[in-house]
Amino acid sequence: MSTPLTLPIIPISPYLPSRKKEYSDTDRAEVARNLHRACRDIGFFYLKVDGYLTDSERKGVLDLGREFFLESTEEEKAKIGLDKSDGVRGYQKLKQNITMGKADHHEGLDFCADTPYPPRERRDDAGQLKPLGGENQWPERPVAFRAQMEDWIEKMKALGMAVMEAMADGLGMNAAEWEELRSMVEDSFWVTRVIGAEGVSCGAHKDYGCLTLLHADDTPKALQVFLRPTPVPGQPLVDNEQGVWIDADPIPGCFVVNVGEMWEIWTNGLYKSTLHRVVHRSPTYRVSLPFFFEPVFNAEIKPLEAAKRKIAQEGWLLDKHGTDYSQVRYGDFLLGEVSGNFSKPAEST
Ligand SMILES: O=C(O)CCC(=O)C(=O)O
Ligand SMILES: [Fe+2]
């Protein structure tokens, strides 16, 4: 089977609560089947969201980011720097974010779900806020930033749930299995990021969480995905090092979605967290908004029975065949990731 050089497009409307009635179970089965194939063979796909968001919502959030990055003063940016909260929430300047040990050429603004710690446990023995122990830092300008972004976050959480339900069907989960999975993501420990860049931006990396829902402006030739040769059942997987970088250019009405390492564990490696990078070379300023739809902080992530059944049914020989992926608590995994993510600039303490 030859490798497709573009990502598949998957419509999610049949799974959106507001649209479900317009579609049949057969429509949903087709979405679930295509989604399963995309997650298994590529780990990335375009999610067609049709009328789920208005054009002004889609444009509005990107404009907020652009305006903040391009029109705020250095002081305004520094006022909400990572060092003013818990080291994870707030503004990161150029080269402050580290990917695979290298500084990224983009500035960013990160927000995440409320702290998972009760009030007495938010600071360490020295009185410093622990990572994730603080509060989000919202820019004062543009004034609509917080309200508009909070609406966006609610919509992204609901969209993430619809994709999760379709993925559960794609794996052939029964009702009880889906309930268990749903309880692990329903109160998602989401993270959202606004990125602005005018040069080569984000180094090659895999996302560590559950699902990344990426909304970006229309700059082409920026995001690239590492496409592995299509796996064949019953044959050992081709070495992960082999593959080609393809452009994942924006398509109007679609998000670019990928599965993170939590899905890799849930599926014992059937769904892979795939390498991607941003090599934006055009002189225009690019704004992108990845939304990381994550499990709840305390979720214990371990291989799902439904995934094991699917592996057996389809006859896969996976890298670790015979050995299950190790169980992780999502929150521990996240803390490990965020602690390696940011460089400490000399002026921050
Ligand atoms: O800006 C992009 O297109 C992707 C950013 C990304 O991969 C990330 O923040 O994890
Ligand atoms: Fe990423």
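Laid out as a table, the results:
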{"quantity": "Top positive-direction residue, dipole computed over the chain with Cβ charges, set Gly331, Ala103, Val232", "calculated": "Val232"}
{"quantity": "Computed magnitude of the charge dipole of region 184-325 (debye, nearest 20; Cβ of K, R +1, Cβ of D, E -1)", "calculated": "240 debye"}
{"quantity": "In Hz, Karplus ³J(HN,Hα) per residue of region 111-119 (6.51, -1.76, 1.60; θ = phi - 60°; x = Gly, Pro)", "calculated": "10, 9, 3, 3, 3, x, 9, x, x"}
{"quantity": "Sites matching trypsin sites (Lys or Arg not before Pro) across region 144-252 that sit in DSSP coil, with at most 16 neighbouring C-beta atoms within 10 Å", "calculated": "Lys221"}
{"quantity": "Solvent-accessible area of Met167 with every protein chain in place, 1.4 Å probe, in Å² to the nearest 10", "calculated": "0 Å²"}
{"quantity": "Cα long-axis angle, helix 25-41 against the chain (0 to 90 degrees, to the nearest 10)", "calculated": "70 degrees"}
{"quantity": "Spacing of the two label points (7 Å from each Cα toward its C-beta) at Asp114 and Leu94, in nm", "calculated": "3.9 nm"}
{"quantity": "Gain upon complete extension [Asp27, Glu314; 0.36 nm per residue less C-alpha separation]", "calculated": "101.1 nm"}
{"quantity": "Sites matching trypsin sites (Lys or Arg not before Pro) across region 256-335 that sit in DSSP coil, with at most 14 neighbouring C-beta atoms within 10 Å", "calculated": "Arg281, Lys320"}
{"quantity": "Contact order normalised by residue count of the chain, Cα under 8 Å, 6+ apart, percent", "calculated": "23 percent"}
{"quantity": "Surface share of carbon and sulfur [accessible, 1.4 angstrom probe, percent] for the chain", "calculated": "52 percent"}
{"quantity": "Among Ala78, Ser24, Leu35 - extreme Cα towards positive end, dipole of region 20-170, charges at beta-carbon", "calculated": "Leu35"}
{"quantity": "Local net charge near Lys130, Cβ-Cβ under 9 Å (Lys/Arg +1, Asp/Glu -1)", "calculated": "-1"}
{"quantity": "Whole-number percent relative contact order across region 158-246, with pairs defined as alpha carbons under 8 Å at least 6 apart", "calculated": "21 percent"}
{"quantity": "Computed label-point distance, nm, for sites Thr73 and Ile9 using a 7 Å Cα→Cβ extension", "calculated": "4.6 nm"}
{"quantity": "Proximal aspartates and glutamates to Lys320, defined as alpha-carbon separation beneath 18 angstrom and excluding residues fewer than eight positions away on the same chain", "calculated": "Asp41, Asp239, Glu241, Glu261, Glu264, Glu305"}
{"quantity": "For the chain, calculated [θ]222 nm from helices alone, where every DSSP H run of n ≥ 4 adds -39500 (n - 2.57)", "calculated": "-9500 deg cm²/dmol"}
{"quantity": "Residues whose placed amide H lies under 5 Å from that of Leu227, excluding near-sequence neighbours", "calculated": "Val244, Trp245, Ile246"}
{"quantity": "Cβ-derived FRET efficiency at R0 35 Å, Asp218 paired with Glu241, nearest 0.05", "calculated": "0.60"}
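The values are calculated or read from the model by the stated rules, or taken from the named source; none is laboratory data. Everything quoted here is computed from the prediction, not taken from an experiment. Glycine gets a Cβ as well: all are built from the backbone with ideal geometry, and neighbour counts include every protein chain shown. Quick note on the areas: whole protein, heavy atoms, side chains included, nothing else; ligands and nucleic acids left out. Shrake-Rupley method; radii C 1.70, N 1.55, O 1.52, S 1.80 Å.
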